[in-house]
Amino acid sequence: MSGEAMSSTDMACRSNKVEADPGCPRWPQPGQGRKQFQSMAHDSRKCRSLLLFILVVLLLPAASPVCAQSARVAHWQKEIDQHPSLDSEHLHMLTNLAEAYMLVEPAKADTLLGSAIARARQMGEQRVMARALALRGELISIRYLNPLVGIRSMEEAERLHRSLGDRSARAVDLAILANLVFSESGAAHATHLLRQADSLMTKGTNARAQGMVLAALAKHARGMELPDSALRCSERARAIFHDIGDVARENRMIGQAATIHVFNGKYDLALPLFMEALIADSTSGCWYSMGIDLSMAGGIHADMGNGPKAVELHIRARRVFERINDLSGIAGTMNNAAQIYFSMGMFTEAFAACEEAFEMALRSGNDRWASDILLNMGELHAKLGDNDSALVYSKRSTALNAGRFPESIASVHEIMSMAYLGKGYQDSAIIHMRMAIAAHAGSDEVSLQARCMIALARTLRDARPAVLIRAGIDPAQRDSLVLSALDSALNVGRATPLLEVQRDALYELAMTAEQGGQHAEALRYFKMSSALKDSILTGDRIKAVSDLRFQYDTEKKEQQILLLGKDKEVQAKEIQKQKVMRNAFMGGFALVALFACVFFLQRNRISKERKRSEELLLNILPGEVAEELKAKGEADAKLIDEVTVLFTDF
C-alpha cells in the first residue's frame, strides 16, 4: 500500500511540474539551485529504495525454504484472517485449515473441526458440515482414538452426502466407516461397507475419492491378513495422492506400506520404507505422521532385540509429539518405551515411562488408553512378584474401564489370575482364568486364549479338591476339564501355527499323563514337545543370526543415509551460496545500471540548463560580450565613439 501511494504521489509531482513549466519565468528564482539539489537527492533515495527492494526479492527465495504442509496451513490461516465474517466461505476455509492440520497437529485439527461442525449446524450449511464430519471420522481413524465417536461422525456425514447426491463423498465415508467398525463390529460388517463404497465408484469419481477408498481397502486387507492385496491398494493410493499433490496422504501411504511389511514379518522391507516416510514427513512438515513412523521403527528394532535403538526412536517420537502438543501420541510412545525398558531389566525407567504415559492419557481424555496403561503396569508388577500392586492396578483399570471397553476385560482377568496365583489363592486364580478364556472367545486373540487354557489346565491339575470346590468346580470333572483345555490349546497352536503353544500344550499333556500313570503316553507327548523345543531353538538361532545381519545392514544403511544427508546438506549450502552470489551479482549489476541511468539523466539535465543559460545571455547581450563572459567570466569595457539611443514605448 505504501509503495502504491508513493508511486501515485511521485506521478502527481511529475504532472504538476510539466503543467507548471510553460508558465515558469525564464530567470532563475531564488533557491532554485538548492531545490534542484534536493530533487537529485530525492531521486537517489528512490534509487536506493528500489535497489534494496530488488535485492530482497532476489535473495528471499534462497533464504526461506517452507515445508509444503506448513505452507498449506499458513495459506488457509491467512485466508481466514482476511475473511473474518462467519459465512459459508469462512466455514469452507476453516474446514480446509483443519484438513491441512490433520497430519501436522491433529489435536488442533480436531478442535477446528468441532468448531466448523457446530457453526455449520447452526447456519444450516449441510455440505460444509458433511465434509467436516467426514474429516473428523478420518482423523479418528488415523489416530485410533474414540472409534465410536468416529463411527457416529461418519454415519451422519454419509447421510448428509446421500441427501446431497454426492456419490464420491459417500464412497469415501463408507470406506472410512469400514475401517472404524472393523475392530468394533467385526470384519463382516466392514467388508459389507467396503462393497457399498466400491459400488458407488464410477468413471466420474474424482481422484481424491479413489485414493481414499483404496487407502481404506489397504487398511482393511492388512487387518484381514492379506498383505499382497494391502500392498497393491496402498501403492495405487500413493500414486493417486502423488498425482493430485496431496503430500500428507501420500506420506501416510508410505508409512502404511511399511506397516504392512511389519505385520508380515518382513522387517528388511519395512525399515527402509519407514526411513523414506520419515524423510518425506520432515520435508513436508507432517509432524504427527513423523512421530508415528518413528514409533513404528522403534517397534521393529524392539522385535529384533535391539532395545537401546528402539528406546532411542521412541524418545525421538516423544519429542515430535511434544512439539505439536499431542498428549495421546506421547502416551502411546511412552507406553511402548516402558515395555522395552522392562525387557532390558530397567525397571525404574519402565515404571517412570508408564506413569508419564498414564498421566498423558488422562490429560488427553483418552480413558481407553489410560485403562490399558494401568493394565500394563499391573502386568509389570506381577512379573516382578509384586502381586498386591498388580491387583491394585488391575482393579483401578477395571474401575476406569467401567464396561466401556470390552476388549480389555480378558486382559484384566489374565493379570488378576497371575497375581492371585502368585499370592497362593488358586481358587481365585482359576475363576479369573475361566473368565479370561470366556472373554477371549470369538476374538482374534487366539494365541492369548490358548495360553490361558494351558495355564488353567496346569492350575486345575495341581489344585487340591477343596480349592476346586471353592472355585465352583466338581473335583470329579478335573481330568476331563484339564484334557479338554489342553486339547483346545493344541488345536489352536496347530491351526495358527504357533510352535510355542504346541510345545507347552504337549508338555502339559505329558505331565498330566505321567500324573495319571500313563507312562507310555507321557513319553510320547514328551518326545513331541522336545522335538518342537529343538525346532524352536534352531529357528531362534537362525532368526538371531538373521537379525544380527539385518541389524548390521540397517545400521550401515543408516550411516550411508546420514552421510548422504550431510553431503546433501553441504550441496544445499553450496547451492545457496551460489544463489546468494548470483543474486548479489545481479543486485550489483542492477545498482550500477541504476546509478548509470541517474548519471546520464543528470548530465542531460545539466546540458539542457547550460544551453538555456546561453540562450538567455544571447538575448540580453551582444554575442561578442556573451562569448567573452563565457570564456573569462568577465567582460572588458570598450570605448565606443558614437552610439545611438532609442527610447520606445510599446
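The values are calculated or read from the model by the stated rules, or taken from the named source; none is laboratory data. All values reported here derive from a predicted model rather than from experimental measurement. Cβ atoms come from the backbone with ideal geometry, glycine included; neighbour counts cover every protein chain shown. Each accessible area value is taken on the protein alone, full model and side chains, heavy atoms only, with ligands, DNA and RNA left out. Shrake-Rupley method; radii C 1.70, N 1.55, O 1.52, S 1.80 Å.
Just read off the accessible area of F585 with the full protein assembly in place, 1.4 Å probe, to the nearest 10 Å².
Accessible surface of F585 is approximately 150 Å².
Any chance you could look up the accessible area of T348 with a 1.4 Å probe, heavy atoms only, rounded to 10 Å²?
T348 has an accessible surface of roughly 110 Å² with all protein chains in place.
Evaluate the charge dipole of the range 444-530 about its Cα centre and quote only its size in Debye, nearest 20, assuming +1 on the Cβ of each Lys and Arg and -1 on the Cβ of each Asp and Glu.
180
Which value in nm describes the separation of the simple spin-label points at S229 and K638, placed 7 Å from the Cα toward the beta carbon?
Roughly 11.7 nm, to one decimal.
Between the alpha-carbon centers of the range 201-230 and the range 260-333, tell me the distance in whole angstrom.
A separation of 24 Å, based on Cα centres.
Under 13 Å from the Cβ of Q518, count the other residues' Cβ atoms, weight Lys and Arg +1, Asp and Glu -1, and hand me the total.
For residues surrounding Q518, the net value is -2.
Just subtract the alpha-carbon distance of K577 and I536 from 0.36 nm times their residue separation and send over the number in nm, one decimal.
Gain on extension, K577 to I536, equals 8.9 nm.
Note the full-extension length gain between A631 and K527 as 0.36 nm times their separation in residues minus their Cα-Cα distance, in nm to one decimal.
24.5 nm
Ratio of the range 249-394's C-alpha Rg to 2.2 N^0.38 Å, to two decimals?
After normalising by residue count via 2.2 N^0.38 Å, the value is 1.07.
Given K108/K577; K611/K632; K108/K219; K608/K632; K78/K579; K309/K533, which pairs have Cα atoms separated by over 27 Å?
Numbers: K108/K577 38 Å; K611/K632 18 Å; K108/K219 25 Å; K608/K632 22 Å; K78/K579 29 Å; K309/K533 30 Å.
Distance filter (> 27 Å) returns K108/K577; K78/K579; K309/K533.
Counting Lys +1, Arg +1, Asp -1, Glu -1, what net charge surrounds E624 among other residues with beta carbon under 13 Å of its beta carbon? If you can, show how the numbers build up before the last one.
Details: positive: K630, K632, K638; negative: E627, E628, D636.
Every neighbour counted, the sum reads 0.
With every protein chain present, what is the per residue accessible area of the range 62-167 (1.4 Å probe, Å²)?
Per residue, the range 62-167 has an accessible area of 47 Å².
To the nearest 10 Å², what's L148's accessible area with a 1.4 Å probe?
100
Which FRET efficiency value, to the nearest 0.05, do you get for F405 and K383 by plugging their Cβ-Cβ distance into 1/(1 + (r/R0)^6) with R0 = 25 Å? Intermediate results must be reported in sequence, preceding the final value.
Details: r = 23 Å, r/R0 = 0.92.
About 0.65, to the nearest 0.05.
What list of ³J(HN,Hα) couplings, whole Hz, do you get for the range 346-356 from phi and the Karplus terms 6.51, -1.76, 1.60, once you set θ to phi - 60° and write x for glycine and proline?
Those phi angles translate into 9, 5, 4, 5, 5, 5, 5, 5, 5, 4, 5 Hz.
Short version: ³J(HN,Hα) in whole Hz for each residue of the range 324-334, in order, from phi by Karplus 6.51 cos²θ - 1.76 cosθ + 1.60 (θ = phi - 60°), x for Gly and Pro, what are they?
9, 6, 9, 5, 5, x, 4, 4, x, 6, 6
I want to check the label-to-label distance for S115 and E184. Put each point 7 Å from Cα in the C-beta direction and report it in nm to one decimal.
2.7
Quick one: putting +1 on the C-beta of Lys and Arg, -1 on the C-beta of Asp and Glu, what dipole do you get for the range 395-452 around its Cα centre, in Debye to the nearest 20?
Using only the charged Cβ atoms, the result is roughly 240 debye.
Applying 1/(1 + (r/R0)^6) with R0 = 56 Å to the Cβ-Cβ distance of F595 and D268, what FRET efficiency is obtained, to the nearest 0.05?
With a Förster radius of 56 Å, E is 0.30.
Sort out for me the Cα centre separation of the range 91-133 from the range 454-486, rounded to whole Å.
57
Considering only A631, F595, I606, whose Cα is most displaced toward the positive end of the charge dipole of the range 586-641, charges sitting on Cβ of Lys, Arg (+1) and Asp, Glu (-1)?
F595
Could you give log10 I(q)/I(0) at q = 0.15, 0.21 Å⁻¹ for the range 458-514, computed by the Debye formula over C-alpha point scatterers of equal weight, without solvent?
Rounded to two decimals, the profile gives -0.46, -0.76.
For the charge dipole of the range 192-276, defined by +1 on Lys and Arg C-beta atoms and -1 on Asp and Glu C-beta atoms about the Cα centroid, which residue among N251, A215, A270 has the Cα displaced farthest towards the positive pole?
The residue sitting farthest along the positive end of the dipole is A215.
Return the Rg/Rh value of the range 161-279, two decimal places, where both radii are evaluated on C-alpha atoms and Rh is the Kirkwood radius.
Radius of gyration relative to Kirkwood radius: 0.99.
Taking R0 as 56 Å, what FRET efficiency do you get between E615 and F585 from their Cβ-Cβ distance, rounded to the nearest 0.05?
0.80
On the protein heavy atoms, probe 1.4 angstrom, tell me the percent of accessible surface of the range 66-193 carried by carbon and sulfur.
Numbers: 2920 of 5560 Å².
The computed percentage sits at 52.
Please state the charge dipole magnitude for the range 170-279, taken about the Cα centre, from unit charges on C-beta atoms (+1 on K and R, -1 on D and E), reported in debye and rounded to the nearest 20. Spell out each step's value before the answer.
Numbers: 12 positive and 11 negative charges, 47 e Å.
The dipole magnitude comes to about 220 debye.
For the range 470-481, what does the Karplus curve 6.51 cos²θ - 1.76 cosθ + 1.60, with θ = phi - 60°, yield as ³J(HN,Hα) per residue in whole Hz, taken in order and with x for Gly and Pro?
3J(HN,Hα) across the range 470-481, in whole Hz: 5, 7, x, 10, 6, x, 5, 8, 4, 4, 5, 5.
Plugging the Kirkwood radius over Cα pairs into Stokes-Einstein for the range 346-388, at a temperature of 4 °C and a viscosity of 1.567 mPa s, what D comes out in µm²/s?
122
Which is farthest toward the positive dipole end of the range 340-464 among A410, A438, A457, measuring Cα position about the Cα centre, with Cβ charges +1 (Lys, Arg) and -1 (Asp, Glu)?
A457
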